[in-house]
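Presented below is the structure to which this report refers.
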Amino acid sequence: MSDFSDIIDQEQMKEHMQYALRTGKISHAYIISGESGSGKEMVARCFAKALQCDNKREKGGLLEACNECTSCKKALTDNHPDIITITHEKPTSIGVDDIRQKLRDDVIIKPYESSHKIYIIPEGEKMTVAAQNALLKTLEEPPEYIVIIILTSNINQFLPTIISRCIVLPMKPVKDDSIKKYLMEECHVVDYKAMLCASFARGNVGKALELASNERFEKLKNETIDIVSKVKNLELQDMMERIHSILEAPPDTSDADKKAVEKRQYEDFMDVLLYLFRDVLVYKATGNDNHLIFTDKVSYISSVTEKCSYLQVGDIIDKMEIAKKRINSNVNMDLTLELMFMGIKENL
Ligand SMILES: [Zn+2]
């Protein structure tokens, strides 16, 4: 489990939590919002551990949990009786009974051994309206010692009355450079791959880690670039078959995850194409590979740079953007991709 010094960027979040720890001005309720993979739970657990620590210490300008006291040891092994995670029976929703039994009826019991009793609610957006109303009762009259931390990827699902009683702390996208540095220094990812994963992760550290550790992405990238580099000589039908096999979820994917996996494959596929031709523009403008994302594809990028004018590369990128928009508004994907590749072919 992490400490504040392990949290990449998120300066506002850290500042707020540090201030709370130093002054003892702790709110009874927080909402930490951010997309999946952004590190909400890690931040919440770091804060909870520090709040409960009996022996907090200064480290590099930050007030950190000691990681040695009894409380820290329990928090580190997820065994702290006063750090409670609200789980739910149904995978798709947190019902009123979950909140009543695990939170509302439990808050009246004083902390077992710490100054606070902390409840963490992951996937808070899954709370039904009835569950939120049950939670609201506790938020309206919270016992002195409780701290509720709601994690969510969609704050719009909450009743305004819930939001108004919580301190909302949004996770911010992490800078590409910070992610790159983290991947290289902490995960020993090689330079070009770290940069590529950072670019594709769009500020999401979890996604960057997944991309870096995952051969799926490497394969998708290579196959996508191979198709576009052969677009002149490929029959339309063969090309579409190859694209389908890129976009299909692997056979071991569960039915429940299939749609989400395929959506992500498609997004990564389109992003590879867009970043590739963005690289062509960069290479055209600078004449060197210093600022490229696909530094392992320089020979292909330079060959397109020689063949195409700025106008033609611009036209290719336009056609990709149009295809993306059409597919997002549910126009037939196959037809749209065929048109897009024909447009690319004309310019190459
Ligand atoms: Zn401690």
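Using Cα pairs under 8 angstrom and six or more residues apart, how large is the relative contact order of the chain, in percent?
15 percent.
Of the peptides 335-347, 223-235, how do they stack up when ordered by the mean number of other Cβ atoms within 10 Å, highest first? Numbers along the way, then the final one.
On the way: 335-347: 16.8, 223-235: 14.8.
Descending mean neighbour count gives 335-347, 223-235.
Give me, ordered by chain and number, the residues 5 or more places off Y30 or on other chains with an amide H under 5 Å from its own placed amide H.
I148, I149, I150, I167
Counting pairs of alpha carbon atoms under 8 Å apart in space and at least six apart in sequence, what relative contact order in percent does the stretch 247-333 give? All intermediate terms of the calculation are to be shown ahead of the outcome.
On the way: 48 pairs, mean separation 22.4, N = 87.
Relative contact order for the stretch 247-333 comes out at 26 percent.
For K258, which aspartates and glutamates qualify as cross-link partners when the Cα separation must be under 13 Å and same-chain residues fewer than eight apart are set aside?
Once the sequence-local aspartates and glutamates are set aside, what remains near K258 is E248.
Run through the stretch 35-138 and list the chymotrypsin sites (Phe, Trp or Tyr not before Pro) located in a DSSP loop whose Cβ has at most 14 other Cβ atoms within 10 Å. Write down the numbers at each step before the final one.
Details: sites: F47, Y112, Y119; in loops: Y112.
For chymotrypsin sites (Phe, Trp or Tyr not before Pro) across the stretch 35-138 that sit outside H, G, I, E and B with at most 14 neighbouring Cβ atoms in 10 Å, the list reads Y112.
Between the stretch 274-329 and the stretch 51-68, how many Å separate their Cα centres?
So the two Cα centres are separated by 48 Å.
When you count, for each residue, the other Cβ atoms within 10 Å and take the mean per peptide, how do 36-44, 11-19, 99-107, 248-256 rank with the highest first? Let's see the in-between values first.
Details: 36-44: 20.1, 11-19: 15.3, 99-107: 17.0, 248-256: 9.6.
Most protected by this proxy first, the peptides run 36-44, 99-107, 11-19, 248-256.
Taking K193 as the anchor, which lysines have their alpha carbon closer than 17 Å to its alpha carbon, excluding any fewer than eight residues away along the same chain?
K175, K180, K181, K207, K219, K221, K297
Quick check on packing: order 23-31, 166-174 by the mean number of other C-beta atoms within 10 Å, highest mean leading.
166-174, 23-31
Per DSSP H run of n ≥ 4, the term is -39500 (n - 2.57); total these for the chain, divide by its residue number, and report the mean residue ellipticity at 222 nm rounded to 500 deg cm²/dmol.
-17000 deg cm²/dmol
Quick one: what are the phi-derived ³J(HN,Hα) couplings along the stretch 25-38, Karplus 6.51/-1.76/1.60 with θ = phi - 60°, whole Hz, x for glycine and proline?
Result, ordered by residue: 7, 9, 6, 7, 8, 10, 10, 9, 10, x, 5, 4, x, 7 Hz.
Cross-chain or 8 or more residues apart, Cα under 16 Å: how many lysine pairs in the stretch 4-170 fit that? Count them up, please.
Lysine pairs, 8 or more places apart or on different chains, close enough: 22.
Taken together, the values in this text are just the output of simple stated rules run on the coordinates, not laboratory data. Every value quoted in this text rests on a predicted model; they were computed, and no experiment measured them. With ideal geometry, Cβ positions are generated from the backbone for all residues, glycine too; neighbour counts draw on all protein chains shown.
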